[in-house]
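First comes the structure, then the notes that go with it.
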Amino acid sequence: MIFDAEQTFTLTFPGDRDAALAFVRDPARALGRLRFLRDLRAGEGGVRGELVVPLPGLGDADLPFHSLLSLTQDGADLIPQALSGERAWVEVAGQARVQDAGPQPELHFAFQFRAHLATPDAQGWGGAAFEKMIRAAASRTLDRVARELPGSIQAALPGPPA
């Protein structure tokens, strides 16, 4: 099964362009407040972590991800990497751009998520119901992550300059 979600938004940065560039180029800082991400690690040009998918009656499923971090002249890109051998994983792609817009720069974000879930063959009604439950839970989680991104990144922004 494959599920997709995306989110595009713009935030005003409370500082100068250099500080804005440093912020969007630091995914651990920018994404650190997103509650559906666990064990977020950034370094050596890459970002790793787990997307937590709550499954009713089964607890949380952790979908690992790995994205390369590519710095651009005006921001940064996350380039998803396939995780072979995993039964469930997620591709996290994103683009962050800093644009001058008056006294404070604007941050333009675009994120794309693609969850890959391998489920056992549905055997009878029980298996089909289980697959439907997993499908719904994964889809809801990706949608929630996409909806929460603007507020989570806004919360990670530094306070206004003095």
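The values are calculated or read from the model by the stated rules, or taken from the named source; none is laboratory data. This structure is a prediction, so every number in the text was calculated from the model and none was measured. With ideal geometry, Cβ positions are generated from the backbone for all residues, glycine too; neighbour counts draw on all protein chains shown. Please note that ligands, DNA and RNA were not included when accessible areas were found on the heavy atoms of the full protein model with its side chains. Shrake-Rupley method; radii C 1.70, N 1.55, O 1.52, S 1.80 Å.
The set of residues in the range 37-68 that are among the hydrophobic types (A, V, I, L, M, F, W, C) and open to solvent by less than 40 Å² (accessible area, probe 1.4 Å) comprises 37, 47, 51, 52, 53, 55, 61, 63, 65. Within the range 102-115, not a single residue is open to solvent by 20 Å² or more (accessible area, probe 1.4 Å), of a type in the set (D, E, K, R), modelled with pLDDT under 95 and over 22 Å from residue 10 (Cα atoms). Inside the range 13-27, residues that are open to solvent by 40 Å² or more (accessible area, probe 1.4 Å) and either without any contact (Cβ under 8 Å) to a residue 60 or more places away in the chain or within 26 Å of residue 82 (Cβ to Cβ) (or both) make up a count of 4. Residues in the range 1-31 that are of a type in the set (Gly, Ala, Ser) and more than 21 Å from residue 106 (Cβ to Cβ): 5, 28. Taking the numbered list (1) open to solvent by less than 80 Å² (accessible area, probe 1.4 Å); (2) outside any loop (DSSP other than H, G, I, E, B); (3) closer than 23 Å to residue 141 by Cβ in turn, residue 34 passes all entries but (2). Selection of the range 73-92 for residues being at pLDDT 95 or above, touching a Lys or Arg at 6+ places or on another chain (Cβ under 8 Å) and either assigned to a strand (DSSP E or B) or hydroxyl-bearing (Ser, Thr, Tyr) (or both) yields 75, 76, 80.
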